[in-house]
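The values are calculated or read from the model by the stated rules, or taken from the named source; none is laboratory data. Keep in mind that this is a model prediction, so the values were computed, not measured. Backbone-built Cβ (ideal geometry, glycine too); neighbour counts: all protein chains shown. Please note that ligands, DNA and RNA were not included when accessible areas were found on the heavy atoms of the full protein model with its side chains. Shrake-Rupley method; radii C 1.70, N 1.55, O 1.52, S 1.80 Å.
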Amino acid sequence: MTALYTARATSTGDGRGGRTRSSDGAVDLDLAIPEEMGGEGGGSNPEQLFAAGYSACFHSALKLVARKAGVDAGGASVTAEVGIGSNGQGGYALGVALVVDVPGASKQQAQQLAEDADAVCPYSNAVRGNIDIDVRVA
């Protein structure tokens with residue numbers, strides 16, 4: 001693959017309880033372990049960052065396939081829900097639910113667009129077969 005763009009970010013401090021910063025400074029966040037995982041909360045975490053990136057990327061893919069299909073997806077949205085839990089082997093695993101909303105499209109049409117976007121989205125292509133992904137229409 002020839003990269004069109006390469007993002008760079010560096011994490012420092014205490015991992016999930018440290019800090020992350022992109023090379024251009026556009027992302028510069030304190031990280032905190034969520035209360036649900038025994039932390040104090042109060043900062044972002046890798047799952048939120050992954051959810052933000054995945055939802056934005058999938059939304060772009062959705063808009064692309066909708067445009068090609070002649071469907072107005074101007075009011076569309078994608079919500080990514082990223083869960084983390086035990087993989088049953090001493091490590092951790094992620095699970096993702098992508099909730100797609102395409103106002104004005106029928107449920108069947110929106111489902112087809114979501115499936116087509118899943119085939120195009122680089123995040124989906126990167127994680128397919130590695131984590132559970134549930135793509136559903138709102």
Exercise. Counting only residues that are open to solvent by less than 70 Å² (accessible area, probe 1.4 Å) and of a type in the set (V, I, T), give me the strands (runs of 3 or more DSSP E) lying completely in region 1-61 with at least 3 of them.
Key: none
Exercise. Quickly run through region 62-107 and pick out the residues that are of a type in the set (D, E, K, R) and more than 23 Å from D132 (Cα to Cα).
Key: K63, R67, K68, D72
Quiz item: Any residue in region 90-103 that is part of a helix (DSSP H, G or I) and either open to solvent by 60 Å² or more (accessible area, probe 1.4 Å) or touching a strand residue (DSSP E or B) at 6+ places or on another chain (Cβ under 8 Å) (or both)?
Solution: no
Quiz item: So which pairs qualify, if the first residue must be in region 21-45 and more than 21 Å from L94 (Cα to Cα), the second must be aromatic (F, W, Y), the Cβ gap must be under 9 Å, and the two must be at least 6 apart or on different chains?
Solution: none
Quiz item: Take the residues of region 62-79 that are within 9 Å of A117 (Cβ to Cβ) and free of Cβ contacts under 8 Å to residues at least 40 places away in the same chain: which is surrounded by the most Cβ atoms within 10 Å (Cβ to Cβ)?
Solution: V78
